[in-house]
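Q: Mind having a look at this structure? Questions to follow.
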Amino acid sequence: MTDETTIVGCACTLRVEGVTGQVMFDGHVVTLLDAAVSLVNTLTDGTRQGRPYTAPHGDQLPQAVHEALPPASQRSTVEPGHAAYLAHTAQQMRAVFEAVDNGHIDQAAQMVNVLLLAAGSRPQLDRVDGEPWQVHFHGSDDSLSVGWSAGCATALALAIGSNLAGRLGVCTAPHCDRVYVDASRNTVRHFCSPACRSRVKAAAFRARKASRN
């Protein structure tokens, strides 16, 4: 595994949050779920914030992948082959989010198993300087594309394999199908972004105003 993927590897734990005892994702899982969301929202066609969205392709794809992944000092570019691999992973992960959002958990679990198998996800003890040993998940090789695919797939597996599957969602705003992970305490998130939340609130306000007139 490259240094980049090792550092953000997926610790296979969840944590208890606050005095309520609510189970939430730990920091490593959050990093990988955020990466999964970013890859899906950047690399898959559909709609975004009320408008059609066409994902980058061709010569634009490597830079789009580079910007979608968390920053890494040792990564200045992404090779086209790795970018294409992650674009395919993003398509598969979108299907997982959509299946969960539609209540098809069994289907989502089967899709994640396919992702785990394809990436060769495996546990490994890693240690960053000054930190204790932690269980991370790696891919079948040390490449950027396989490593990130394995990590994101494992994070999705940890969500679906717990009571947190419902926190994977698809934006409910009109004409938007971008995905999100609900990190709120009370599972109240319904939108991919503040922009979509504001769109819906503004539309509701206009509708109420029109009805009064």
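The values are calculated or read from the model by the stated rules, or taken from the named source; none is laboratory data. Quantities reported herein were computed from a predicted structural model and do not represent experimental measurements. Methodologically, a virtual Cβ is constructed for each residue, glycine included, from the backbone with ideal geometry; neighbour enumeration extends over all protein chains shown.
Q: Return the residues of the stretch 98-125 that are outside any helix (DSSP H, G or I) and touching a residue at least 40 places away in the same chain (Cβ under 8 Å); say none if nothing qualifies.
A: Selection gives 123, 124.
Q: Continuing with the same structure: Identify all residues within the stretch 66-78 that are modelled with pLDDT of 95 or more and in contact with a His (Cβ under 7 Å, 6 or more places away or on another chain); write none if there are none. Break it down into steps so the answer makes sense when it comes.
A: Keep residues of the stretch 66-78 that are modelled with pLDDT of 95 or more, which gives 66-69, 78.
Correct list: 78 only.
Q: Sticking with this one: Can you tell me which residue within the stretch 76-97, out of those that are without any contact (Cβ under 8 Å) to a residue 24 or more places away in the chain and polar (S, T, N, Q), is surrounded by the fewest Cβ atoms within 10 Å (Cβ to Cβ)?
A: Selected residue: 76.
Q: Could I ask something else about it? So, in the stretch 37-83, exactly how many residues are over 28 Å from residue 167 (Cα atoms), assigned to a loop (DSSP other than H, G, I, E, B) and among the charged types (D, E, K, R)?
A: Residues in the stretch 37-83 being over 28 Å from residue 167 (Cα atoms), assigned to a loop (DSSP other than H, G, I, E, B) and among the charged types (D, E, K, R): 2 in total.
Q: A follow-up question, please. If we keep just the residues of the stretch 32-61 that are of a type in the set (Val, Ile, Thr) and in contact (Cβ under 8 Å) with a residue 60 or more places away in the chain, which is farthest from residue 71 (Cα to Cα)?
A: Per the criteria, the residue is 47.
Q: Among what's in the stretch 145-190 and is farther than 15 Å from residue 39 by Cα and of a type in the set (D, E, K, R), pick the residue that is farthest from the chain's Cα centre (by Cα).
A: Among those that are farther than 15 Å from residue 39 by Cα and of a type in the set (D, E, K, R), it is 185.
Q: Here is a list of conditions, (1) β-branched (Val, Ile, Thr); (2) in contact with a strand residue (DSSP E or B) (Cβ under 8 Å, 6 or more places away or on another chain); (3) surrounded by fewer than 19 Cβ atoms within 10 Å (Cβ to Cβ), and residue 100 meets all of them except one; can you say which number that is?
A: Condition (3) is where residue 100 drops out.
Q: Across the stretch 62-75, which residue is surrounded by the most Cβ atoms within 10 Å (Cβ to Cβ) among those that are in contact (Cβ under 8 Å) with a residue 40 or more places away in the chain and within 18 Å of the chain's Cα centre (by Cα)?
A: Among those that are in contact (Cβ under 8 Å) with a residue 40 or more places away in the chain and within 18 Å of the chain's Cα centre (by Cα), it is 69.
Q: Condition first: surrounded by 13 or more Cβ atoms within 10 Å (Cβ to Cβ) and of a type in the set (Ser, Thr, Tyr). Now tell me which residues in the stretch 184-213 satisfy that.
A: The answer is 187, 193, 198.
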